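Engineer: Got a structure here, written out as structure tokens. Questions coming.
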Amino acid sequence: MCGIWALFGSDDCLSTQCTSAMKIAHRGPDAFRFENVNSFTNCCFGFHRLAIVDRLYGMQPLRVKKFPFLWLCYNGEIYNHLRLKEKFEFEYQTKVDGEILLHLYERFGIEKMATLLDGVFAFILLDTANRKVCLGRDTLGVRPMFHMLTDDGFLAVCSEAKGLTEITHSMASPPEIIPFPPGHFEVFTLKTSGKVESVQLKRFHSCTDEPKHAVHDSVRGLISGFELETVKSNLRVLFENAVRKRLMAHRRIGCLLSGGLDSSLVAATLVKLGKEDELKYPVQTFAIGTEDSPDILAARKVAAHIGSEHHEVNFTPEEGIRAIQEVIYHLETYDITTVRASVGMYLVAKYIRAKTDSVVIFSGEGSDELTQGYIYFHKAPSPEAAAEESERLMRELYLFDALRADRTTAAHGLELRVPFLDHRFCAYYLSLPAELRTPKDGVEKHLLRESFKGLNLIPDEILWRRKEAFSDGVTSNKKSWFSYLQDHVETEVNDAQLESAAKVFPHCTPKTKEAYYYRQVFEKYYPGRAGWLSHYWMPRWIKATDPSARTLAIYNPDKGE
């Protein structure tokens, strides 16, 4: 995880503007660089580094002797960089995975470069020879990037929106700060004044399409056809491949472990492959919750089964409530379920940074969207409707779960890796017949569970553990995190305030006191920026004013686990 920031055509002194770059210092605690661009006195890069690969030569903007006209600032990991280097016989100057972008761009251009990258990334590429600025972001928006473009062509780019809110400009009203669209690249011409003009914005990949880099990825054991046993075998092969490629790191690797299906599969596969690769340390796993919470108890069983070095982070509801304001600051959103679910992840990440040496953290994000894991999928009117909903959720990950996962870990200088969002695994899963992917026998993610049945990778009771609302998983069965939050917001928001919500907050009007409270906090940090959230995350096919699964009539967690 790193923080990238750049200005092209600044209207103000760069020494003044660069203070905004410090707002994302948490993303890269190891080093910082601020660099002007030759011959363009109002253009510059800012970079906060979290050193994961090539700690000696990995500072950015990345430049190599062979291409002195190229400047690269990127945040991410390119898992197939060595394979592409060998395939096209590129001569590297560093050991940095991102160097592959420079070689691919110079030989093939921006579009082919983007399609060949297997990884998660957000990049700013400057080509002074051809006077171009190129931006790009990975398929699902796992790595964040925001940009701001004024009427007269001043472009500002940053990993997080907070690094752009105080940039000075010549416009009478604040220009829009928007997330760069996932799976797209954009090309700007760079004028002699340092200002830019957009000339091309194009999608280079969608999560439903087989990625073009797959032809250079020799995954063994894949079988054609949609017979159930074939599909199950292919899912196992692709999932293990997704975890294996993400072992690329020079820093210690750990894994979040809630004791649910997704994080347990990730952790178990990670430990298995770590032993095969002879990692020089045991994989650390991390669970958070109150002492008697279902997640803590389930994660303990999984950790014992897979043999990880397990850490339990106990927190009280009071600690969680105290963290809400700083969580919203880091998230840059007021979405109800995103804030609610971020608190635990933020606190466990804080523990990891303070108490351990694990920096690269695996997690199970993306599985619920991909494999139809949310409880409301039981109410889908048809397999086709469920498939369409799954694809919608995948396209919106960057607004919700991917955002949560990135910001809560980056806030503490950690790098998150999410195998379930692997390009090939996602494309294959979404290509399966719709009826194969639906909940079956009253159990969501039935196909995923069936695929790992009988392998003893994780305990059977975990393999078939039902989906729980986050608020039920991390706190006691006696009183949930959801209930504690409702008690708290009753003291913060009165009935009169909620009744006037539509006048005070006409965009995404809060319908509950909890939503109103989150919006108040958001407005304190980011006044007038409510448009960053287009809509609240809510379940489909049922009447709901709250996103929590525990408010749904069909919700029935396994209280005994």
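Engineer: Among the numbered conditions (1) surrounded by fewer than 24 Cβ atoms within 10 Å (Cβ to Cβ); (2) assigned to a loop (DSSP other than H, G, I, E, B), tell me where R143 comes up short.
Structural biologist: Looking at each condition in turn, R143 falls short on (1).
Engineer: Of all residues in segment 371-410, which are among the aromatic types (F, W, Y), part of a helix (DSSP H, G or I) and closer than 30 Å to A51 by Cα? It would help to see each step written out before you state the result.
Structural biologist: Taking segment 371-410 first, the residues among the aromatic types (F, W, Y) are 374, 376-377, 398, 400.
Of the ones still in play, those that are also part of a helix (DSSP H, G or I) are 376-377, 398.
Residue satisfying the conditions is Y398 alone.
Engineer: If you don't mind, another one. Against the condition farther than 27 Å from R353 by Cβ and either buried (at least 17 other Cβ atoms within 10 Å of the Cβ) or not aliphatic (A, V, I, L, M) (or both), how does G9 come out, does it pass?
Structural biologist: Details: farther than 27 Å from R353 by Cβ: yes; either buried (at least 17 other Cβ atoms within 10 Å of the Cβ) or not aliphatic (A, V, I, L, M) (or both): yes.
When the stated conditions are applied, G9 passes them.
Engineer: Here is a follow-up. Taking the conditions exactly as written (charged (D, E, K, R) and in a strand (DSSP E or B)), does E77 satisfy them or not?
Structural biologist: Yes, satisfied.
Engineer: Which condition breaks for L126 when tested against (1) touching a Pro at 6+ places or on another chain (Cβ under 9 Å); (2) assigned to a loop (DSSP other than H, G, I, E, B)?
Structural biologist: Only one criterion in (1) touching a Pro at 6+ places or on another chain (Cβ under 9 Å); (2) assigned to a loop (DSSP other than H, G, I, E, B) is unmet by L126, namely (2).
Conditions tested, residue by residue: (1) open to solvent by less than 10 Å² (accessible area, probe 1.4 Å); (2) over 22 Å from C207 (Cα atoms).
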{"site": "Q93", "(1), (2)": "no, yes"}
{"site": "V96", "(1), (2)": "yes, yes"}
{"site": "L102", "(1), (2)": "yes, yes"}
{"site": "F108", "(1), (2)": "no, yes"}
{"site": "L117", "(1), (2)": "yes, no"}
{"site": "L125", "(1), (2)": "yes, yes"}
{"site": "T128", "(1), (2)": "no, yes"}
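Engineer: Next up: Do we have E318 as assigned to a helix (DSSP H, G or I) and surrounded by fewer than 23 Cβ atoms within 10 Å (Cβ to Cβ) here?
Structural biologist: Values: assigned to a helix (DSSP H, G or I): yes; surrounded by fewer than 23 Cβ atoms within 10 Å (Cβ to Cβ): yes.
Taking the combined requirement at face value, the residue satisfies it.
Engineer: Does segment 226-261 hold any residues that are of a type in the set (K, R) and part of a helix (DSSP H, G or I), and which are they? Can you show your working first?
Structural biologist: Residues of segment 226-261 of a type in the set (K, R): 232, 236, 244-246, 251-252.
Selection gives K232, R236, R244, K245.
Engineer: When only residues in segment 298-315 that are under 25 Å from the mean Cα position of the chain (by Cα) and part of a helix (DSSP H, G or I) count, which is surrounded by the most Cβ atoms within 10 Å (Cβ to Cβ)?
Structural biologist: Here the residue is A299.
Engineer: Here are S367, S358, S363: which of them is of a type in the set (G, A, S) and more than 19 Å from F400 (Cβ to Cβ)?
Structural biologist: Numbers: S367 fails: more than 19 Å from F400 (Cβ to Cβ); S363 fails: more than 19 Å from F400 (Cβ to Cβ).
Going through S367, S358, S363 in turn, just one is of a type in the set (G, A, S) and more than 19 Å from F400 (Cβ to Cβ): S358.
Engineer: Looking at segment 463-501, which of the residues that are open to solvent by 10 Å² or more (accessible area, probe 1.4 Å) and among the hydroxyl-bearing types (S, T, Y) is modelled with the lowest pLDDT?
Structural biologist: Residue satisfying both the conditions and the ranking: S476.
Engineer: With respect to the numbered conditions (1) modelled with pLDDT under 95; (2) farther than 29 Å from D152 by Cβ; (3) open to solvent by 40 Å² or more (accessible area, probe 1.4 Å), which one is the sole condition not fulfilled by S170?
Structural biologist: (2)
Engineer: Tell me whether segment 99-112 contains one or more residues that are in contact (Cβ under 8 Å) with a residue 60 or more places away in the chain, assigned to a loop (DSSP other than H, G, I, E, B) and not acidic (D, E).
Structural biologist: Checking segment 99-112: not a single residue is in contact (Cβ under 8 Å) with a residue 60 or more places away in the chain, assigned to a loop (DSSP other than H, G, I, E, B) and not acidic (D, E).
Engineer: A further question on this structure: Look through V359, V327 and report the one residue that is open to solvent by less than 20 Å² (accessible area, probe 1.4 Å) and part of a helix (DSSP H, G or I). Give the derivation first.
Structural biologist: On the way: V359 fails: part of a helix (DSSP H, G or I).
Result of the check over V359, V327: V327.
Engineer: For segment 431-447, which positions are touching a helix residue (DSSP H, G or I) at 6+ places or on another chain (Cβ under 7 Å) and surrounded by 18 or more Cβ atoms within 10 Å (Cβ to Cβ)?
Structural biologist: Residues satisfying the conditions are R437, T438, P439, E444, K445, L447.
Engineer: With the requirement that a residue be part of a helix (DSSP H, G or I), in contact (Cβ under 8 Å) with a residue 40 or more places away in the chain and open to solvent by 60 Å² or more (accessible area, probe 1.4 Å), what does segment 275-297 give you?
Structural biologist: L297
Engineer: Here's something else I'd like to know. Picking from S218, S224, S193, which residue would you name as being of a type in the set (S, T, Y), out of contact with any Ser or Thr (no Cβ under 9 Å at 6 or more places or on another chain), on the phi < 0 side of the Ramachandran plot and open to solvent by 80 Å² or more (accessible area, probe 1.4 Å)?
Structural biologist: S218
Engineer: Considering segment 1-49 alone, what residues qualify as being under 19 Å from G153 (Cα atoms) and either of a type in the set (D, E) or without any contact (Cβ under 8 Å) to a residue 40 or more places away in the chain (or both)?
Structural biologist: D11, D12, C13, L14, C18, N36, C44
Engineer: Given the criteria within 22 Å of the chain's Cα centre (by Cα), among the small types (G, A, S) and either under 23 Å from V339 (Cα atoms) or modelled with pLDDT under 95 (or both), does S264 qualify? Before the answer, list the steps.
Structural biologist: Working: within 22 Å of the chain's Cα centre (by Cα): yes; among the small types (G, A, S): yes; either under 23 Å from V339 (Cα atoms) or modelled with pLDDT under 95 (or both): no.
Against the criterion (within 22 Å of the chain's Cα centre (by Cα), among the small types (G, A, S) and either under 23 Å from V339 (Cα atoms) or modelled with pLDDT under 95 (or both)), S264 does not qualify.
Engineer: Could you list, in sequence order, the residues of segment 227-255 that are farther than 17 Å from R83 by Cβ, buried (at least 19 other Cβ atoms within 10 Å of the Cβ) and polar (S, T, N, Q)?
Structural biologist: N234
Engineer: It is to be established whether one or more residues within segment 36-46 are at pLDDT 95 or above and either under 25 Å from the mean Cα position of the chain (by Cα) or assigned to a helix (DSSP H, G or I) (or both).
Structural biologist: yes
The values are calculated or read from the model by the stated rules, or taken from the named source; none is laboratory data. Not measured: the values here are computed from a predicted model. Every residue, glycine among them, receives a Cβ derived from its backbone with ideal geometry; neighbour counts consider all protein chains shown. For accessibility, only protein heavy atoms count, side chains too; no ligands or nucleic acids. Shrake-Rupley method; radii C 1.70, N 1.55, O 1.52, S 1.80 Å.
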